[in-house]
Each structure stands twice: as structure tokens, then as C-alpha cells.
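Notes for the one structure printed next.
No value in this document is a laboratory result; all are computed from the given coordinates. Here the structure is a predicted model, which is why all the values come from computation and not from measurement. Because the Cβ atoms are built from the backbone with ideal geometry, glycine has one as well, and the counts that use them run over all protein chains shown.
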Amino acid sequence: MTTPRASWRNTTHDWASSVDVEHLSRIRRNPAVYAPGGVRHLLLEVLAYAADEAESNDGGHCVVTLHPDGSVSVADDGRGTDTRVDDHGQVVKKPVMASKDLRFFDTPDAQPLPDGHPRRGMSVVAALSVWLVHTNRRRGGAWTQRYERGIPVTGLTPISDDGTTGTVVHFLPDERLGASSDDPAVELTEIAGRWGMLSVEVDDRRAR
């Protein structure tokens, strides 16, 4: 698609704004409101997007990796985040990390996540992470981009196209969220069956 960005239809996010600084600041000021339960809620926000892709593709798989440094990554085999080329030849990724999800954020009847709290979107994860790296593979291209506290600190960096599609969201949660009282691997096992079309595999690489 090589048309003016202003003509692109907004479905889940506003294509006109790549970064909504006030929106991200609002989330960071209220971590208990937007991530009740801490890291577990952030993980559910990411898994909800993987589940969306699984629904669209009549099934899907994701791998959740618990890293030794306390970071978490979720890799899915969906279509990848919508990425387009505007009329100036610039590659533009839908701003899922740095702007509000129009379907859920500030919506009274937003769908609940398995923890019983409302879904609000990926910007919650980005804003409440020290850093987040989003790797995105689409038909026709692949890119990665790094965020710090929700703000992109790199552009879209092209990476080799390996012929697959999907996303990897790798993030280090804000230290203010604290540690869960339950083991994340156990929680993930319980969560895994909540989305019928999505299978969830857990790769625990933490030191024992």
C-alpha cells in the first residue's frame, strides 16, 4: 500500500500518530491501575494479541520464554503486525506499542483478560517496561524496533527475511511492578488453556 497515511482507515490504532506521549505517561503514572497483578497482567496483554492472530488463522502457537535477566518474550506464528509503505516510500508499522488501542482503552465494556481485569492493549506493556523489543515478520519484509518506557528509541530496523511470519515481543517489566507471589511458569501453565485457538509453550531459562 503506497497511499497517504491520512487516508488509512483506523481499526485498532490511529495511523496518524506514531507516538502518543501523554497516553504513555498516563499509564506510567498509574501502574497499579493499568497492570493490576503486575507482570502477569502484562503477559496476558501480549498473549491476547497472539490469541487474536490464532483466531484469524484458525489456530496458532506461541512460545513464552522466561529469561535469566527477568525479561519475558512471547513469540507467535501469526501474520505479523500490519506494516505499510506510505506515499513517500516510508515503511510504517501500526503504532500498537506507543498509542492507545481504540477497541479497549477507556472502553467501559472492554473484554476481560483471564485475570478478570479489562484488556487495554500493548501500549500498557510498552509503557510499563524498562525496555521492549518488537520483532515483526510479515510477508514481504521483517523489522525490529526498540522502545524504552514506551517511547521508540530506534526506527524500524530491517532484518533478514527467513520466510516466516509472526512477532516476538521481548520486554523487561518495570521494577515497580514487583515479583509475582506465584511461580510464572506455573501461572503460564494455568493460563495456557484459556484461549482455545492458541497453544502456549513455556521455555523457562531462569537459573535454578
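Every helix of 4 or more DSSP H residues in the chain counts as -39500 (n - 2.57), and over all residues that averages to -6000 deg cm²/dmol at 222 nm. In the elastic network of the chain, a GNM with C-alpha springs shorter than 10 Å, the most mobile of 121, 196, 80 is 196. Of all complete DSSP H helices in the chain, those with a Cα span along the helix axis of 15 Å or greater and a mean Kyte-Doolittle hydropathy of -1.0 or more are 39-56.
Annotation: amide H-H contacts under 5 Å for residue 129 (H modelled 1.01 Å from N, sequence separation of 5 or more, or interchain): 149, 150, 174. For a Förster distance of 30 Å, can you work out the FRET efficiency between the beta-carbons of residue 206 and residue 115, rounded to the nearest 0.05? Taking R0 as 30 Å, the efficiency between residue 206 and residue 115 is 0.85.
Counting only Cα atoms, the stretch 5-204 measures 50, 37, 34 Å along its principal axes, largest extent leading.
Take every pair of alpha-carbon atoms less than 8 Å apart whose residues are at least six positions apart; their mean separation over the length of the stretch 5-204 yields a relative contact order of 28 percent.
Residues 55, 22, arranged from fewest to most other Cβ atoms within 10 angstrom of their Cβ, appear as 22, 55. Across the stretch 124-139, coupling constants 3J(HN,Hα) worked out from phi with the 6.51/-1.76/1.60 Karplus curve, θ = phi - 60°, read 5, 5, 5, 5, 9, 10, 4, 8, 8, 10, 10, 9, 10, 10, 10, 5 Hz, and Gly and Pro carry x. Note on the stretch 87-208: semi-axes of the ellipsoid equivalent to its C-alpha gyration tensor, largest first and rounded to whole Å, are 26, 19, 17.
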